[in-house]
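In what follows, a single structure is set out as structure tokens and then discussed.
The values are calculated or read from the model by the stated rules, or taken from the named source; none is laboratory data. Note that the coordinates shown come from a computational prediction; the quantities given were computed from them, not determined experimentally. Here Cβ is always computed from backbone atoms with ideal geometry, including for glycine, and neighbour counts include all displayed protein chains. Surface accessibility is based on the protein's heavy atoms, side chains included, excluding ligands, DNA and RNA. Shrake-Rupley method; radii C 1.70, N 1.55, O 1.52, S 1.80 Å.
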Amino acid sequence: MTRSRGLDTLITDGVFLAHEAQLQLADRFPEHDWAVDLGAGEFRFTGPETVTLPVQLLGSAAPGPRSWLWGWANPGQFPAQVVGAANATRAFGERYDVPELVSGEVPFWPGDEDDDRGAGYELSWALSIAARLATGSWFGYSGAVGGGTRVWMLLDGILFDQPSAPRVLRVLTEGLQSIEVSDHRRAVGSYASLRGVPWDGTTMTLPDGALTLRFDEAGRIAQLQGSTPRP
């Protein structure tokens with residue numbers, strides 16, 4: 001894998017909240033079909049619950065060129081509001097010198113084209129995390145659009161549920177499995193700050209309990225324990 005220092009930092013800072021957003025979305029829409037009208041800027045889940053949400057096009061990952069193409073670089077001439085998040089991410093990348101966010105087309109990382117989650121998944125997930133930090137829009141969706149290509153989008157109009165000890169325990173455990181995170185301690189601290197929950201460097205205090213973490217000498221999570229208050 002080859003990624004810039006700037007993108008590595010953004011992955012570290014945003015991976016846990018991005019993963020929590022995806023878990024919540026999967027819980028709410030577990031068995032739904034989807035459709036998107038980029039011209040109208042609308043995304044729709046259909047199934048047991050039908051919901052229409054404002055959508056932002058981030059980009060697409062295609063196995064042919066083995067690359068990610070940002071929405072603002074796509075020749076499809078999408079409405080300005082639909083690529084607003086992609087443009088904001090590019091401006092963010094220019095400000096903080098993150099080359100992957102300012103290059104219109106980004107090659108897949110070595111081996112990423114063979115990911116069973118979809119071509120270019122790890123790169124796409126990383127860029128999606130960066131875009132969420134840049135825009136403050138955390139809920140996203142990626143869907144197959146034919147030929148192995150996947151389109152990646154951000155969805156507006158969804159709020160986070162109240163944090164809970166079981167959910168945060170799952171977020172911290174699974175988030176580290178979704179992509180390589182170089183600084184676990186910073187990632188936990190960033191998540192606590194973004195989520196607005198107390199964190200003293202060892203214990204995260206949540207409405208229904210607490211999580212206690214121990215880090216090894218390399219700053220990686222070595223132990224993670226949860227507790228709930230006595231009745």
Quiz item: What is the calculated FRET efficiency for Arg185 to Asn87, with r their C-beta to C-beta distance and R₀ = 35 Å, to the nearest 0.05?
Solution: 0.60
Self-check item: Ratio Rg/Rh [Cα only; Rh per Kirkwood] for the stretch 1-57
Solution: 1.12
Exercise. Identify which of Ser190, Ser164, Ser67 has the largest mean-square fluctuation in a Gaussian network model of the chain, with springs joining Cα atoms closer than 10 Å.
Key: Ser164
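With a Förster radius of 30 Å, plug the Cβ-Cβ distance of Ala35 and Ser103 into 1/(1 + (r/R0)^6) and report the FRET value to the nearest 0.05. Kindly include the intermediate steps, with their values, before the conclusion.
Working: r = 30 Å, r/R0 = 1.00.
Between Ala35 and Ser103 the formula returns 0.50.
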Practice problem: Calculate, for Gln223 and Arg95, the FRET efficiency according to 1/(1 + (r/R0)^6) with r their C-beta to C-beta distance and R0 41 Å; round to the nearest 0.05. | Solution: 0.65
Quiz item: Roughly speaking, to the nearest percent, how much of the stretch 158-220's 1.4 Å accessible area is carbon and sulfur?
Solution: 48
Quiz item: Charges only on Cβ, +1 for Lys and Arg, -1 for Asp and Glu: so what's the dipole of the chain about the Cα centre, in debye to the nearest 20?
Solution: 460
Quiz prompt | Under 14 Å, Cβ to Cβ, from Val82 - net charge with Lys/Arg +1 and Asp/Glu -1 | solution = -3
Quiz item: Hey, can you rank 135-148, 12-25, 84-97 by average C-beta count inside 10 Å, highest first?
Solution: 12-25, 84-97, 135-148
Practice problem: Specify the inter-centroid distance of the stretch 3-64 and the stretch 140-154, based on alpha-carbon positions, in whole Å. | Solution: 9
Quiz item: Between Ala26 and Thr212, what length comes free when the chain is fully extended (0.36 nm per residue of separation minus the Cα-Cα distance, one decimal in nm)?
Solution: 64.3 nm
Quiz item: Distance in nm between label sites at Thr46 and Gln77, each 7 Å beyond Cα in the beta-carbon direction?
Solution: 2.9
Practice problem: Can you give me the three principal axis dimensions of the stretch 169-213 from its C-alpha atoms, in Å, biggest first? | Solution: 28, 18, 17
Quiz item: Measuring with a 1.4 Å probe in the full set of protein chains, what accessible area per residue, in whole Å², belongs to the chain?
Solution: 48
Quiz item: For the stretch 192-198, in order, what is each residue's ³J(HN,Hα) by Karplus, 6.51 cos²θ - 1.76 cosθ + 1.60 with θ = phi - 60°, in whole Hz (x at glycine and Pro)?
Solution: 4, 5, 5, 7, x, 10, x
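Over 21 Å apart: what share of the alpha carbon pairs of the chain falls there, rounded to a whole percent?
The share of Cα pairs beyond 21 Å in the chain comes to 57 percent.
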Quiz item: If you project the alpha carbons of the stretch 23-157 onto the principal axes, what extent comes out on each, in Å, largest first?
Solution: 42, 31, 27
Quiz item: Taking a label point 7 Å from the Cα of Arg170 along the Cα→Cβ vector, which residues of the stretch 100-142 have an amide N closer than 20 Å to it?
Solution: 138-142
Practice problem: Grab the DSSP H runs of the chain that are 4 residues or longer, score each as -39,500 (n - 2.57), total them, divide by all residues and round the 222 nm result to the nearest 500 deg cm²/dmol. | Solution: -11500 deg cm²/dmol
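Pairs of Cα atoms under 8 Å, at least six residues apart: use those to get the relative contact order of the chain, whole percent.
Relative contact order for the chain comes out at 22 percent.
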Exercise. Give the Debye-formula value of log10 I(q)/I(0) at each listed q (0.17, 0.22 Å⁻¹), with one equal scatterer per alpha carbon of the stretch 107-223, two decimals each.
Key: -0.99, -1.32
